[in-house]
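The values are calculated or read from the model by the stated rules, or taken from the named source; none is laboratory data. The model shown is predicted, which means the values in this text are computed figures rather than measured ones. A quick note on method: Cβ atoms are made from the backbone with ideal geometry, for glycine too, and the neighbour counts reach across all protein chains shown. Only protein heavy atoms, including side chains, enter the accessible area calculation; ligands, DNA and RNA are left aside. Shrake-Rupley method; radii C 1.70, N 1.55, O 1.52, S 1.80 Å.
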Amino acid sequence: MLAAVAAAVYLVDVVSKIVVVATLSDRGPIELLGGLLTLRVTRNPGAAFSIGVGMTVLFTLIAVLVVAVIIRTASRLYSLPWAIALGMLLGGALGNLTDRVFRSPGVFRGHVVDFLELPNWPIFNVADSAIVSAGILMVALSLLGVPIEGRRTPSPTESGAHEPDPTSAPGPAAADPAAAASAPVSAPDPATAPDPAE
């Protein structure tokens with residue numbers, strides 16, 4: 001699942017950037033949905049949402065580290081929600097890393113293509129939105145106690161701990177087997193014994 005989600009995010013991000021660069025680079029902003037969404041092509045040397053402009057090489061190294069950590073974590077990943085979250089993070093990191101490696105002005109210094117703009121919000125791309133969504137999902141999973149191994153951490157009320165039921169308490173014989181073994185065995189009552197002649 002992780003690989004499928006990562007591949008889907010990466011494919012959508014790369015294809016969308018290729019299309020907007022080819023068709024919108026020489027055009028002005030295009031407003032959609034009554035101005036709620038604007039398509040405006042920009043080149044971002046910083047991190048997601050144009051944060052950290054001028055630190056392109058550092059963010060490239062961080063992206064490489066993130067990809068390596070996710071790939072290593074995948075070997076012990078058995079939780080579907082965590083697979084989706086890490087898949088989105090991996091796909092987004094690879095999408096922006098591709099721009100930094102292959103786009104101008106040079107290897108590891110390439111500027112990321114951003115083209116999605118919301119009112120009062122920095123311009124971003126598909127990879128950015130996937131990274132942020134993955135972060136929100138990972139925080140939620142951590143708060144809910146869902147580990148990446150796929151077993152939810154039970155709360156104290158779910159762990160099965162409860163007070164013993166008085167009605168199911170064992171009797172004296174069951175509580176002390178030695179006392180039960182040493183207890184005298186009473187002989188049968190002759191008055192109630194069956195008559196052999198009968």
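Here are a few things to note about the model shown:
- Look at segment 100-124: where a residue is without any contact (Cβ under 8 Å) to a residue 60 or more places away in the chain and a partner is surrounded by fewer than 11 Cβ atoms within 10 Å (Cβ to Cβ) and polar (S, T, N, Q), sitting 6+ places away or on another chain with Cβ atoms under 9 Å, you get Gly110/Ser104.
- Counting only helices (runs of 4 or more DSSP H) that sit wholly inside segment 45-159, not one has at least 3 residues that are at pLDDT 90 or above and farther than 23 Å from Ala6 by Cβ.
- Matching residues, segment 67-80, being over 20 Å from Leu97 (Cα atoms) and in contact with a Gly (Cβ under 9 Å, 6 or more places away or on another chain): Leu77, Tyr78, Ser79, Leu80
- Scanning segment 2-43 for residues that are open to solvent by 80 Å² or more (accessible area, probe 1.4 Å), over 19 Å from Arg100 (Cβ atoms) and either part of a helix (DSSP H, G or I) or aromatic (Phe, Trp, Tyr) (or both) yields Ala22, Leu33, Gly34.
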